[in-house]
Amino acid sequence: MQAVRTLSLDQAAPAAPGLARLVAAAEVGDPPPGDDIPLYAPRRKIYPQSVHGTFRNIKWAVLLVTLAIYYLLPFVRWDRGPNAPHQAVLIDFPSSRFYFFFIEIWPQEVYYLTGLLIVASIVLFLMNAIAGRVWCGYLCPQTVWTDLFFAIERLVEGDRRDHMHRDGRKWTAETYARKGVKHFLWLMVAWWTGGAWVLYFADAPTLVKHLATLQAPFIAYAFIGILTFTTYTLAGHMREQVCLYMCPWPRIQAALTDEYALNVTYRYDRGEPRGSVTRANELRAQGKPAGDCVNCKQCVRVCPTGVDIREGSSLGCIQCGLCIDACDAMMSKLGRATGLIAYDTDINIKRRMDGTQPFVKLVRLRTVLYAAVIAIAGGIMIFTLATRDSEGISVIHDRNPMFVRLSDGSVRNGYTVRIVNKHLKKREFALGFNGLPATLIDFVGLPPREDGELWIDVDPDQTRELRVVVTDYGLPPPASTRIVFRLTDVATGEQAEARDHFFGP
Ligand code: SF4
Ligand code: SF4
């Protein structure tokens with residue numbers, strides 16, 4: 001595919017030498033051939049031009065919604081009763097709990113988070129099988145914050161052309177002032193980002209007050225500092241470098257995609273051979289083929305990662321669709337049909353070139369499999385969450401000694417028992433024991449009630465740990481025997497069990 005002639009908008013007006021140099025550096029050149037392609041290329045500054053259109057509007061909407069969720073969610077309240085925090089989403093390290101609206105995850109239920117990560121991964125695979133790197137282009141935090149930083153940059157330093165002009169000529173006081181304001185605003189956004197992050201780990205309104213009055217714990221200030229630095233560096237300075245060199249997803253995605261996945265695609269069957277309008281008319285008049293691409297490079301100029309989509313799919317293309325908007329605008333201006341760049345598949349391009357009808361095949365073996373795994377794993381998680389016990393018991397047998405032989409010949413084993421009460425009210429439990437016929441069970445440091453029953457009360461939403469001693473008076477003493485501790489809620493009769501062993505000589 002050889003460019004016939006380049007009609008560059010930057011060439012349409014005389015450019016300052018500095019600007020010309022920047023334009024040359026900012027536009028994509030041919031990579032070195034074959035094995036000479038370096039593993040790391042020094043960063044060249046990208047000046048993405050603003051663009052209007054459907055995909056830009058979608059990106060604005062996603063940016064507003066995702067940022068609003070991130071910054072405001074810690075302030076959303078959720079009434080869980082008098083003995084629990086009222087923050088809808090809270091990672092409560094001191095109490096070892098994760099709260100998400102009506103869901104409360106205990107440390108021993110951390111497998112739900114593992115399940116959530118698995119489901120999230122498969123959702124990512126499904127998105128990829130349907131429409132390529134949708135996550136990268138619209139939802140990834142790196143994309144969202146970089147987009148926000150680009151918007152601030154354009155606001156302060158102007159759009160691509162103004163910004164390049166200023167950077168290309170000798171810097172004046174105005175240039176320094178604009179750059180100072182830009183970096184200040186970037187740092188403010190980064191600081192808010194770090195500040196919002198720590199609010200997920202404590203009661204947000206209280207922590208805000210403590211942060212403002214310098215009464216918050218040091219760790220909160222430390223994390224705000226770390227996240228301010230990472231946000232400012234990643235979104236302000238590293239930008240596309242994160243996608244190109246740091247993120248594993250583009251590599252994984254490339255291995256997971258297939259020829260039916262919709263991707264932002266330059267329809268070279270329609271665009272090539274590219275050339276100016278005049279040249280295309282001349283070629284057509286001579287009966288020669290001419291494509292619709294006028295080589296205006298608007299698609300390259302709006303690209304936040306500096307990719308030329310006409311070179312084919314690449315690691316650098318985050319599939320944001322902005323080049324579609326840019327090209328559609330150009331096609332509309334020229335009175336040609338839009339869609340020279342569009343969501344499409346390689347297979348469709350080949351079919352069009354063969355004269356067969358293109359098609360979109362969303363229902364395929366892999367999309368059905370991904371959807372099935374999401375439905376099954378999600379269904380299991382929802383079912384187990386809805387039906388999980390509100391009480392629990394775990395038992396750890398003493399390791400040393402495994403048993404003690406008493407002077408009367410009886411054998412004693414010691415256990416550490418932890419009882420869990422997930423209700424938001426105090427509960428009384430009876431602890432029963434099965435497996436050995438002639439047995440006495442005793443709580444260390446906890447006298448039995450007057451009626452001799454072994455009842456333990458556990459505070460709301462708490463656990464209680466007990467030392468329990470089991471003595472077997474049977475003769476001869478038992479060998480290793482399987483036993484069961486049974487916990488029963490005295491009021492409701494709800495039960496939980498834990499199995500262990502009783503060891504003898
Ligand atoms: S080539 Fe197009 S879709 Fe890919 S990152 Fe650039 S603008 Fe976005
Ligand atoms: S914006 Fe469209 S017409 Fe212009 S160079 Fe890109 S593909 Fe060609």
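Just a few scattered comments:
- Taking amide H as placed 1.01 Å from N in the peptide plane, the amide H of Lys297 sits under 5 Å from none that are at least 5 places away or on another chain.
- If only the Cβ of Lys and Arg carry +1 and only the Cβ of Asp and Glu carry -1, the dipole of the stretch 37-188 around its Cα centre is close to 880 debye.
- Contact order normalised by residue count of the stretch 286-351, Cα under 8 Å, 6+ apart, percent: 26
- Placing +1 on the Cβ of every Lys and Arg and -1 on the Cβ of every Asp and Glu, with no other charges, gives the stretch 309-425 a dipole of roughly 120 debye about its Cα centre.
- For the chain, relative contact order (Cα pairs under 8 Å, six or more residues apart, normalised by length) works out to 16 percent.
- Diffusion constant of the stretch 30-161 at 4 °C, which comes from Stokes-Einstein with the Kirkwood Cα-pair radius and 1.567 mPa s, µm²/s: 68
- Shape category assigned to the stretch 90-199 from the gyration tensor of Cα positions, a/c cut at 1.5: oblate
- Using a cutoff of 8 angstrom between alpha carbon atoms and counting only pairs six or more residues apart, the relative contact order for the stretch 154-308 works out to 14 percent.
- Here is the short version for the chain: Cys136, Cys140, Cys243, Cys247, Cys293, Cys296, Cys303, Cys317, Cys320, Cys327 have no other Cys C-beta closer than 4.7 Å.
- Ellipsoid semi-axes in whole angstrom, largest first, where each is sqrt(5λ) of the Cα gyration tensor of the stretch 290-395: 46, 20, 12
- Karplus-based coupling profile of the stretch 92-106, in residue order and whole Hz: 9, 5, x, 9, 6, 9, 10, 10, 9, 6, 7, 9, 10, 9, 8, with θ = phi - 60° in 6.51 cos²θ - 1.76 cosθ + 1.60 and x standing for Gly or Pro.
- Between Cys296, Ser394, Leu487, the Cα set farthest toward the positive side of the dipole of the chain (charges on each charged residue's Cβ, about the Cα centre) is that of Cys296.
- Distance between the modelled labels on Ala41 and Leu362, one decimal in nanometres: 3.5 nm (7 Å Cα→Cβ projection).
- Mean residue ellipticity (222 nm) of the chain, computed from DSSP H runs ≥ 4 via -39,500 (n - 2.57), nearest 500: -12000 deg cm²/dmol
- When each of the peptides 354-365, 173-184 is scored by the mean number of other C-beta atoms lying within 10 Å of its residues, the order from highest to lowest reads 173-184, 354-365.
- Protection proxy ranking of 242-254, 325-337 - average other beta-carbon atoms within 10 Å, highest first: 325-337, 242-254
- Karplus-derived HN-Hα couplings along the stretch 305-316 (A = 6.51, B = -1.76, C = 1.60, θ = phi - 60°), whole Hz, x at Gly and Pro: 10, x, 8, 9, 4, 6, 7, x, 5, 8, 4, x
- Its Cα centre serving as origin, the chain has a Cβ charge dipole (Lys and Arg +1, Asp and Glu -1) of approximately 2280 debye.
- Heavy-atom accessible surface of the stretch 38-98: percent carbon and sulfur, 1.4 Å: 72
- Projecting the Cα atoms of Leu466, Pro477, Phe502 onto the charge dipole of the stretch 429-504, computed from C-beta unit charges around the Cα centre, puts Pro477 farthest toward the positive end.
- Straight-line cross-link reach from Lys426 at under 19 Å between alpha-carbon atoms covers these aspartates and glutamates, not counting any fewer than eight positions away in the same chain: Asp79, Glu104, Asp389, Glu391, Glu453, Asp457, Asp459, Asp461, Glu465, Asp489, Glu494.
- Remark: the Ile91-Thr206 segment gains 39.9 nm on full extension, using 0.36 nm per residue and subtracting the alpha carbon distance.
- The stretch 79-118 and the stretch 471-505 have Cα centres lying 32 Å from one another.
- When the charge dipole of the chain is built from unit charges on Cβ atoms (+1 for Lys and Arg, -1 for Asp and Glu) and taken about the Cα centre, the candidate among Pro437, Ile46, Gln142 whose Cα reaches farthest toward its positive end is Ile46.
- Cα convex hull of the chain - mean projected area over all directions, nm²: 35.6
- Two tests apply to each whole DSSP H helix in the chain, Cα reach of 24 Å or more along its axis and mean Kyte-Doolittle hydropathy of at least 0.5, and the ones passing both are 54-72, 111-131, 365-387.
- Arg352-Asp442 FRET efficiency (beta carbon distance; Förster radius 56 Å; 0.05 resolution): 0.10
- Where a label projected 7 Å from the Cα of Ala329 along Cα→Cβ would reach, residues of the stretch 130-165 with amide N under 11 Å: 160
- For Gly158, no residue 5 or more places off, or on another chain, has a built amide H under 5 Å of its own.
The values are calculated or read from the model by the stated rules, or taken from the named source; none is laboratory data. Being a predicted model, the structure only gives us computed values, none of them experimental. With ideal geometry, Cβ positions are generated from the backbone for all residues, glycine too; neighbour counts draw on all protein chains shown. With ligands, DNA and RNA removed, areas are computed over all heavy atoms of the protein, side chains included. Shrake-Rupley method; radii C 1.70, N 1.55, O 1.52, S 1.80 Å.
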